[in-house]
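Read the structure below first, then the notes.
The values are calculated or read from the model by the stated rules, or taken from the named source; none is laboratory data. From a predicted model like this one, the values you see are computed outputs, not experimental measurements. Please note: Cβ atoms are built from the backbone with ideal geometry, for glycine as well, and neighbour counts cover all protein chains shown.
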Amino acid sequence: MRTETDEELMNLYIQGEVRAFDELYARHKSKIYGYLLKRLSSKSVADEVFQTTFMKLHQCRAQYLDKEPFLPWLYTIARNALFDHLRKTRSEKTKIDAYQNFSELRNSESTGTHPNAELLEARLAELSASQKSLLTQRYVEGLDFDEIAKRANSNPVAVRQSLSRLTRKLKSLLKGSAS
Amino acid sequence: MNKDIRPDYEEFLNAASVLPPAELSENVLGHVHEALRFSPTSVLAKLGLVHLFTSVCVLYICPQFGVSWGASSFSLVDAFMRFGHGVCAALCGVTLVGGTFLFAAMALRPQESFWLKKQMPWIPISLSLVTLILLAAVGAKGHHTEFMLWSVFAIAGGWMSFEIGRKGKLISSRFFAKWAA
C-alpha cells in the first residue's frame, strides 16, 4: 500500500508511472463498480461501463489538472461513461421501436388487416415527396442517418429530427383514430 | 462541482463498495500496462540518436575543445571565450549535453522519460564520459581542468535541462489536451 494521496498518484501516473495507476485502480475500483451496479440493471453492462470508465481515465489523463480533487474527477468520468451508454442504448431502442412500428404497419397494410390502413394511406398521401422519400430511405431501404443526410446534402441531426417528427405524427394519428 | 450533479455524487460516495470480478480487473490493468509498456533499450537507443542529432547541430555552432563540424559564420566560442577558457568549457558542456536532454525530454513518451528520470544522474554521467572519449578520439585538445569543468557542467546541465523539458512537455500537453477537449 502506498502512502501518496490520490492527487499525487495521478500526477505520477501522468508522468508515466504505471504503478501509480495500479494503486489508484486498487483504491477506487470497488466504489466505481458498486455505483455502476446500482445504476445499471445488468451485471454485464456494468462490467462494460466499468471498463470504459478506466479506459477513458487512461485516455484523458493529460486533461487532469494539477491538484484537482481526484475522486470527483473520476466520478465525472464514470458518470459520463454511464450516460453515454444509456444514451446509446436509448437511441438504439428508439430506432428498433420505430422500425418495429413501421414494419407492423406495413405488414398489416399488405394483408389489409390494420384498422387504420386506409387512414394511414390517406395521411401518407398528404406527405410531401421529400417526406415520403425520407421514410422510404430509412424504413424500406434501411439506410442510416449519415447515408440519408449524404444523399440529401443535409446533416444527420436534421435528418434524425425530421424522421422523429414524422413518425411521431403518424403514431399519434393512428392512436387517435383507434381510440 | 455542478450543483445539479451534487446529489448523484453523494449517492456515489455512499454507494456500497463491490469488488469487480478478477477477470475484469485483469482486462483493465492489462490494457493500461500494455499501453504504457516500453523497452529501456529502445529508450537508450532514442537517447543516442537524439545525442547524435544534437551533437551535429551543436558542433556546427559551438566547437568543443577545438572539434567542430562544418564552418558556420556564427560561433558561440566568441561569446563564451569572453569569460575565459574555464567558463567556455563549462558552457560548451551545458550546450551539448543539456541540449541532448532537452530534446530527449520532448521526444520521449512520458513513461520513457519517467524511467530515464529514475536513472539520474547515471545517464548524463555516462553520456558525458562517452562524449568526452569520442571528442578525445577525434582530436579534442584542452587542459584537464577544462575537461573536468566541461564534465561537471555537462552532467548538471543535462539533468536540469531534462527536468525543464519534462515540466515544459507536461504543461504543454495539459494545455493542448484541455484545448482539444
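Things to note:
- Count of residues meeting criterion [within 8 Å of chain B (Cβ to nearest Cβ) and either part of a helix (DSSP H, G or I) or buried (at least 19 other Cβ atoms within 10 Å of the Cβ) (or both)] in the range A:51-63: 6
- Hits in the range B:52-84 - residues which are within 29 Å of B:TRP115 (Cβ to Cβ) and part of a helix (DSSP H, G or I): B:LEU52, B:PHE53, B:THR54, B:SER55, B:VAL56, B:CYS57, B:VAL58, B:LEU59
- Candidates B:ALA90, B:ALA15, filtered to the one that is of a type outside the set (Val, Ile, Thr) and under 21 Å from A:LEU74 (Cα atoms): B:ALA15
- Just one of the listed residues (A:SER91, A:SER172, A:SER110) is closer than 30 Å to B:ALA180 by Cα, modelled with pLDDT under 80 and assigned to a helix (DSSP H, G or I), namely A:SER91.
- Hits in the range B:115-141 - residues which are buried (at least 20 other Cβ atoms within 10 Å of the Cβ), away from every other protein chain (no Cβ under 14 Å) and either β-branched (Val, Ile, Thr) or touching a residue at least 60 places away in the same chain (Cβ under 8 Å) (or both): B:ILE123, B:LEU127, B:THR131, B:LEU135
- The one condition in (1) buried (at least 18 other Cβ atoms within 10 Å of the Cβ); (2) part of a helix (DSSP H, G or I); (3) more than 21 Å from the chain's Cα centre (by Cα) that A:GLY16 fails to fulfil: (2)
- Number of the exception - B:PHE162 against (1) surrounded by fewer than 21 Cβ atoms within 10 Å (Cβ to Cβ); (2) touching a residue at least 24 places away in the same chain (Cβ under 8 Å); (3) not aliphatic (A, V, I, L, M): (1)
- Within the range B:39-51, the presence of a residue that is at pLDDT below 90, more than 8 Å from chain A (Cβ to nearest Cβ) and either outside any helix (DSSP H, G or I) or over 30 Å from B:VAL130 (Cα atoms) (or both) is excluded.
Residue-by-condition table, conditions (1) facing chain B (nearest Cβ under 9 Å); (2) part of a helix (DSSP H, G or I):
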| position | (1), (2) |
| --- | --- |
| A:ARG2 | no, no |
| A:PHE21 | yes, yes |
| A:TYR25 | yes, yes |
| A:HIS28 | no, yes |
| A:TYR35 | yes, yes |
| A:VAL49 | no, yes |
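- Scoring A:SER30 on the criteria (1) within 18 Å of B:ASN27 (Cβ to Cβ); (2) in contact with a helix residue (DSSP H, G or I) (Cβ under 9 Å, 6 or more places away or on another chain) leaves a single failure, condition (2).
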